[in-house]
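The structure appears below as structure tokens.
Every number in this text was worked out from the coordinates using simple rules, so none of it is lab data. Owing to the predicted nature of the structure, the values given are computational and were not obtained by experimental measurement. Positions of Cβ are generated from backbone atoms using ideal geometry, with glycine treated the same way; all protein chains shown enter the neighbour counts.
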Amino acid sequence: MARQTSQVEIQGKQLSLSNLQKVMYPAAGFTKGQVIDYYVRVAPVLLPHLRGRPLTMKRYPEGVAGMHFYEKNCPTHRPEWVTTAPIWSEGNNRWMDYCMVQDLPTLVWAANLADLELHTSLSLAKKILQPTMLVFDLDPGPPADIVLCCQVGLWLREIFGQLGLETFPKTSGSKGLQVYLPLNTPVTYEQTKPFAHDLARVLERRHPEIVVSDMKRSLRAGKVFVDWSQNDDHKTTVCVYSLRAKERPMVSTPVTWQEVEKCHQQQDAKVLIFETEAALQRVEKHGDLFEPVLKLKQKLPKLAALETLGGGPAPARKSTTRKRRTA
């Protein structure tokens, strides 16, 4: 089949879009053209969460039913107006040129490459060792689902509330829930990662029948793994408003704590499942529920603060954070 292309101009930039009728989500008949359309429509609230952050692409050239690959180095065939950030990779022992989605043309260009999922750093490229937020990725082990994650998320909200801090939940767009603590104050991963780990263990000690903090998959059945390990400079987390490569075009969607409570009370996972149109309607109604994550300034508590929460003294440990240089 001949490659079909369309030439478009977006904000003064010329783009060549290809195979817009290709079905990316077979179960929903959702095409590449619809993927691009979604990202264009959600761009006003999405772009602020992408700007300044190194992007790891997760590309699905043949759609969600086909092979996929992660791409950290920005493709060399990129347009000259796509900006990049050089980040030192300890694992590869070299500089990596990450794509930076700073504007709508770059977002459309990435979507045209079948970059269905947008994975970003918790820190800005210019200060790659200084996270602007802390995240807990709540991952349910079957047969548990997002309903049980809601219970764990509410416990996290309660703990941070006791520490005088505000948190914000979003769906993973898959089967779990993610809880973000905005910081936007000077801090390092060598501080956030141990804190997140210890807090996960506090929850595990309080609720051993529900929570697990160990990464072993064999321990997760019917429980919620509180993944603290994402708080690392060499890891990325799916960006808010990103599509997910599931059977249908699901979206990682910001939600309110009231909706989390409703999902838990009704024991109904469908309360927190959103496809593209539902996500867009929510933006129309609520605006960007995740905007405070970019702006709210909060200081990370000392590890000792967890002692008052039943966590016990923070154990001495070697740093698990890789040293990374920036250009």
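Odds and ends about this structure:
- Candidate cross-link partners of LYS297 among the aspartates and glutamates, defined by an alpha-carbon separation under 16 Å and a same-chain spacing of 8 or more, comprise GLU166.
- The ratio of the alpha-carbon radius of gyration of the chain to the globular-protein estimate 2.2 N^0.38 Å is 1.00.
- Cut-off 19 Å, label 7 Å out along Cα→Cβ of GLU247, residues of the stretch 25-63 by amide N: 25-31, 63
- Relative protection proxy for 194-207, 77-90, from highest mean packing down: 194-207, 77-90 (other beta-carbon atoms within 10 angstrom).
- Partners of LYS13 within straight-line reach, counting aspartates and glutamates whose Cα lies under 14 Å from its Cα and excluding those fewer than 8 residues away in the same chain: GLU80, ASP103.
- Residue-averaged [θ]222 nm for the chain, counting only DSSP H segments that reach four residues, each worth -39500 (n - 2.57): -8500 deg cm²/dmol
- Summed residue charge, Cβ within 12 Å of LEU50's Cβ, Lys/Arg positive, Asp/Glu negative: 0
- Length available on full extension from SER218 to GLU71: 0.36 nm per residue minus the Cα-Cα distance, which gives 50.0 nm.
- Helix 276-286 and the long axis of the chain differ in direction by around 70°, with both axes built from C-alpha atoms.
- Length gained when the stretch SER6-GLU209 is fully extended (0.36 nm per residue, less Cα-Cα span): 67.6 nm
- The stretch 84-112 and the stretch 132-206 have Cα centres spaced 27 Å apart.
- Checking the cross-link pairs LYS170/LYS285; LYS127/LYS235; LYS170/LYS193; LYS32/LYS235; LYS216/LYS270 against a 18 Å limit on the alpha carbon distance flags LYS170/LYS193; LYS32/LYS235; LYS216/LYS270 as lying beyond it.
- ³J(HN,Hα), Karplus 6.51/-1.76/1.60, whole Hz, each residue of the stretch 112-123, x for Gly, Pro: 5, 7, 6, 7, 5, 9, 10, 10, 10, 6, 7, 10
- Across the stretch 30-56, the residues whose backbone nitrogen lies under 18 Å from the label position 7 Å along the beta-carbon direction of LEU294 are 39-56.
- Nearby aspartates and glutamates by direct alpha-carbon distance to LYS246 (threshold 12 angstrom, same-chain neighbours under 8 apart not counted): GLU117, GLU275
- Helix 257-266 and the long axis of the chain differ in direction by around 80°, with both axes built from C-alpha atoms.
- Relative contact order of the chain, taken over Cα pairs closer than 8 Å and 6 or more residues apart, is 20 percent.
- Amide H contacts of TRP95 (H built 1.01 Å from N, under 5 Å, at least 5 apart or other chain): SER89
- Phi to ³J(HN,Hα) by Karplus 6.51 cos²θ - 1.76 cosθ + 1.60 over the stretch 90-107, Hz, x for Gly, Pro: 5, x, 9, 6, 6, 7, 10, 9, 7, 5, 10, 8, 9, 8, 5, x, 5, 4
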